[in-house]
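See structure below.
The values are calculated or read from the model by the stated rules, or taken from the named source; none is laboratory data. Everything numeric here is computed off the predicted structure, so don't read it as measured data. Cβ atoms come from the backbone with ideal geometry, glycine included; neighbour counts cover every protein chain shown.
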Amino acid sequence: MSRSKSIVAGLVILGLIGVLGWGVYQKLDKQQVTGKKNRQRFPAPVEVAAIESGSIDQLRSFTGTLEARSEFVVAPKISGRVEQLKVDLADSVTRGQVVAVLDDAEFVQEVARARADLEVEKAGNVEALGLLKIAERELQRLEKIQARGDVSESQLDITRAELVAKQALTEVTRARIARAEADLEAARIRLGYTQVKADWQGGGNQRVVAQRFVDAGGTVSANTALLRIVELDPITAVFFVTERDYAKLRVGQQASLDTDAFPGDRFSGSVERIAPVFSETTRQARVELLANNPDLRLKPGMFIRASVMLQRVDNAIIIPEQALTRRNDQQGVFVVNPDDETARWQVVETGIRQGDRIQVRSPELSGQVVVLGQQLLDDGSALRIVEGAKQ
């Protein structure tokens, strides 16, 4: 009997627990419904931005160093004492300009000696020509006498041999004149080498002295460097890229440069050369940019930052990157409906970035997107655009 009472008492207790549980459930469900109603009743404050349409560029930044586009080392072709340096460090130089003068006393004497030798050879040629004419007239006289039978054939042969000898002597003197003329020209050329010129090939006609290696009064040997002359406009910017960036670079891509020497200033350029090989030690490839430098402010050796335009998309749909958010592992944005009172969730596919702007590849969007307050929204949520945030 006592066991039956215990069972009944247990059933009663279980019934009471069930009734209490159902009451709690009803209360919680009612509070949840009330919360949803309150969320729908009170719009979420948000900030918005306009969806733009226009061009967007994909930029990639690199660091590197400036180098002279080309350089020319001035060196004399002969040995001698440097009598004068006509230019100095940082001076502008024009193609073909005389930049140094060597002592020319010995070379002036060589020219005078060669000129005198030429005159001697010319005098010898005049003498040979005279002897040739005499021999020709003698042969003609003997041929006329021989016709009358007064000259033997042997005498005539001797005269003919003498004529041939005089003709040969004339040719020898002519050759000697040619050799003397060549010697004189060579002496003049060596004399001209005392005027050392900056005569580079290719590039522009103006360059700048970057380095001086000697002083006036010093004695130098042939091919000793006197000056280093560089071309600064345009100038070359060099940086190195890894395999990841290498495939994105193309010759002709536009770029801009900035340097600590001129903060706030940007210089335009373009990709000129891309190395076809990678360094085995660094696993990087050399890239050269050609940068305009009309004021010659950029100097070789300066550290630079280069921004290369890898891609440009025209007529793109552009939103602030801040508008992107995630829901259920999907990337999207909240687009403000035309009534400016509600927002709809839109999954998007993004493209290239430029600063804090990003391209939307799909779908087509227009109007405004929420850039602040997305955590308060669901698809179809009411919103209130904060005063001053509406774009």
Residues located in the range 287-315, provided they are surrounded by fewer than 20 Cβ atoms within 10 Å (Cβ to Cβ) and either among the β-branched types (V, I, T) or farther than 18 Å from D233 by Cα (or both): R305, S307, M309, L310, Q311, R312, V313, D314, N315
Sole exception among (1) of a type in the set (D, E); (2) in contact (Cβ under 8 Å) with a residue 40 or more places away in the chain; (3) in a loop (DSSP other than H, G, I, E, B); (4) within 17 Å of V241 (Cα to Cα) for E288, by number: (3)
Among (1) in a loop (DSSP other than H, G, I, E, B); (2) out of contact with any Ser or Thr (no Cβ under 8 Å at 6 or more places or on another chain); (3) outside the structural domain of A247 (by TED's automatic domain parsing); (4) not polar (S, T, N, Q), the one test that I319 misses: (1)
Complete set of residues in the range 93-113 that are among the charged types (D, E, K, R), crowded, with 17+ Cβ neighbours inside 10 Å and assigned to a helix (DSSP H, G or I): E110
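Okay, residues lined up against (1) touching a Ser or Thr at 6+ places or on another chain (Cβ under 6 Å); (2) in a loop (DSSP other than H, G, I, E, B); (3) closer than 18 Å to A50 by Cβ; (4) not hydrophobic (A, V, I, L, M, F, W, C):
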{"position": "F334", "(1), (2), (3), (4)": "no, no, yes, no"}
{"position": "P338", "(1), (2), (3), (4)": "no, yes, yes, yes"}
{"position": "Q359", "(1), (2), (3), (4)": "no, no, yes, yes"}
{"position": "V371", "(1), (2), (3), (4)": "no, no, yes, no"}
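Which members of the range 209-242 meet the condition of being among the β-branched types (V, I, T), more than 17 Å from E288 (Cβ to Cβ) and surrounded by fewer than 19 Cβ atoms within 10 Å (Cβ to Cβ)? Working first, answer last.
Step one: of the range 209-242, the residues among the β-branched types (V, I, T) are 209, 214, 219-220, 224, 229-230, 235-236, 238, 241-242.
Filter again for more than 17 Å from E288 (Cβ to Cβ), leaving 209, 214, 219-220, 224, 229.
Correct list: V214, T219, T224.
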Subset of the range 135-152 [surrounded by fewer than 13 Cβ atoms within 10 Å (Cβ to Cβ) and within 27 Å of E171 (Cα to Cα)]: R137, Q140, R141
Criterion violated by T242 - all others in (1) under 13 Å from the mean Cα position of the chain (by Cα); (2) in contact (Cβ under 8 Å) with a residue 40 or more places away in the chain; (3) farther than 14 Å from T65 by Cβ satisfied: (1)
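Could you say which residue among K86, K133, K144, K122 is among the charged types (D, E, K, R), without any contact (Cβ under 8 Å) to a residue 60 or more places away in the chain and outside the structural domain of A168 (by TED's automatic domain parsing)? Before you say what the answer is, go through the steps one by one.
On the way: K133 fails: outside the structural domain of A168 (by TED's automatic domain parsing); K144 fails: outside the structural domain of A168 (by TED's automatic domain parsing); K122 fails: outside the structural domain of A168 (by TED's automatic domain parsing).
From the options K86, K133, K144, K122, the qualifying one is K86.
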Count - residues of the range 173-198 that are surrounded by 14 or more Cβ atoms within 10 Å (Cβ to Cβ), assigned to a helix (DSSP H, G or I) and among the aliphatic types (A, V, I, L, M): 5
The range 326-349, residues that are closer than 16 Å to Q368 by Cβ, surrounded by fewer than 17 Cβ atoms within 10 Å (Cβ to Cβ) and within 40 Å of the chain's Cα centre (by Cα): none
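Can you pull out the residues in the range 294-307 that are more than 13 Å from D258 (Cβ to Cβ) and either at pLDDT 95 or above or aliphatic (A, V, I, L, M) (or both)?
Let us first name the residues in the range 294-307 that are more than 13 Å from D258 (Cβ to Cβ), namely 294-296, 299-301.
L296, the sole residue that qualifies.
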Those residues of the range 74-85 which are on the phi < 0 side of the Ramachandran plot and buried (at least 16 other Cβ atoms within 10 Å of the Cβ), in sequence order: V74, A75, P76, I78, V82, L85
Set A90, A116, A123: member being surrounded by fewer than 16 Cβ atoms within 10 Å (Cβ to Cβ), modelled with pLDDT of 95 or more and either in contact with an Asp or Glu (Cβ under 8 Å, 6 or more places away or on another chain) or not acidic (D, E) (or both): A116
